[in-house]
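Below you'll find the structure, written out as structure tokens, and then a few comments.
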Amino acid sequence: CVFNSSELKDIEFIRSNYYNKLELYRFSSSLGRFVGYTEYGVKQAEYFNSDPSIIGAMKAQRETYCLNNVGI
């Protein structure tokens, strides 16, 4: 979570997946979708972005995970 303030609208949730210290793909709540950084990561991002249940679950993680940890 990237905190600019304690309000939910100003918090960005980022989930990155790495392999051998190389970032493959990332979900960013500010974009609302996955972004791929390698050939494999782009394919994975396209797959994840095509499934509305995965996107909905990741968007919900911002409120579930980040909002509860604002004070930490």
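Relative to the longest principal axis of the Cα atoms of the chain, helix 39-49 runs at roughly 60 degrees. Under the simplified labelling scheme, the Val35-Thr64 pair shows an inter-label distance of 2.4 nm, with each label point 7 Å from Cα along Cα→Cβ. Against the chain, whose longest principal axis is taken from its Cα atoms, helix 52-61 shows a tilt of about 40°.
Applying both filters, DSSP loop and at most 16 other Cβ atoms within 10 Å, to the GluC sites (Glu not before Pro) of region 1-69 gives Glu7. Computed with every protein chain present, the accessible area of Val42 is close to 60 Å² [probe 1.4 Å]. Thr38 contributes an accessible area of around 30 Å² to the protein surface, as traced by a 1.4 Å probe with all chains present. Quick one, which of (1) 19, 15, 9; (2) 24, 14, 9; (3) 33, 12, 6 is the actual semi-axes √(5λ) of the Cα gyration tensor in Å calculated for this model? Matching the structure shown: (2). Once the 1.4 Å probe is applied to the protein heavy atoms, the chain comes out at 70 Å² accessible per residue.
The values are calculated or read from the model by the stated rules, or taken from the named source; none is laboratory data. Fair warning: this is a prediction, and the values are worked out from it, not measured in the lab. Methodologically, a virtual Cβ is constructed for each residue, glycine included, from the backbone with ideal geometry; neighbour enumeration extends over all protein chains shown. Side chains are part of the model used for accessible areas, which takes the heavy atoms of the whole protein and leaves out ligands, DNA and RNA. Shrake-Rupley method; radii C 1.70, N 1.55, O 1.52, S 1.80 Å.
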